[in-house]
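Working notes, structure below.
Coordinate-derived values only; no laboratory data. Computed from a prediction, not measured in an experiment: that's the story for all the values here. No Cβ is skipped: glycine too gets one built from the backbone with ideal geometry, and neighbour counts run over all protein chains shown.
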Amino acid sequence: MKARQKRIALIAGGLAVLGIAAALVLNALNSNIAFYVSPTDVAAGKAPQGKAFRIGGVVKEGSIRREADGVTVAFIVTDTEKDLLVNYKGILPDLFQEGKGVVAQGRLDGGGTRFVASEVLAKHDENYMPPEAAKAVSDAHERAAANKAKQEAAGVQPGAAAPAPAAKPTY
C-alpha cells in the first residue's frame, strides 16, 4: 500500500468510528427524552403511548393516600380542569404536599386511567412552579373563564344546574 492509500483508509476508519459513536449517543438521548403533558392532554388522548413522559400540575387537596408500607403513595394531579391519578413507589421530596406544584415522570398504565410515576419532583420555594405546570394551570383557568362567559352569554346561570360531582377515584 502506498502512503496515500494508508491515509485515506485511516481517515475513512476514523469517520466510521465517529459515525457509530454519534449514532449511539443520539439513540441514548432519544430513549431518555420525556415530554411534558398536562392532565387535560392525557384525558384528550394526546399522551405518548408506551413511552415515558412528564405530567404536571397541582396536587389536589385531600387526595394523598399512603399505603402501610410507607413508600407507596397515590395522589391526584390536577390542572384545575382535569384530574389524573398518580401512583408512586419511593420516597417523596420534603416539599411535596397538597395544593402545591408537582411534576411526575413515568408512564400510563395499560388502561390509560392511572399514571405510574418513576420520579416525583416538587417545587423548591414558595414562588416556584415548573413552567410547564404553570402554563397548563393558566391555560385551564382561561378555558374555564371562556366556558363561563359562554354560559352567561347563553343565559344560563353559572351555578344553576351544576353537574353531579364525579365519583372519587378508587385506590
Along the charge dipole of region 35-152, pointing to its positive end and built from +1/-1 on Cβ of Lys, Arg, Asp and Glu, which listed residue (74, 93, 53) has its Cα farthest out?
53
Measure out, as a whole number of angstrom, how far apart the alpha-carbon centroids of region 12-28 and region 35-79 sit.
38 Å
Cβ charges +1 (Lys, Arg) and -1 (Asp, Glu), total dipole of region 35-152, debye:
360 debye
Cβ crowding within 10 Å averaged over residues, with 70-78, 140-148 ranked highest first:
70-78, 140-148
Taking a crude spin-label model, label points 7 Å out from Cα along the C-beta direction, the residue 9 to residue 69 distance in nm is 5.9 nm
As a test, work out the antiparallel percent of DSSP beta bridges whose residues both lie in region 35-152, rounded to the nearest 5.
75 percent
With label points set 7 Å from each Cα along the Cα-to-Cβ direction at residue 23 and residue 139, the distance between them in nm comes to 3.6 nm
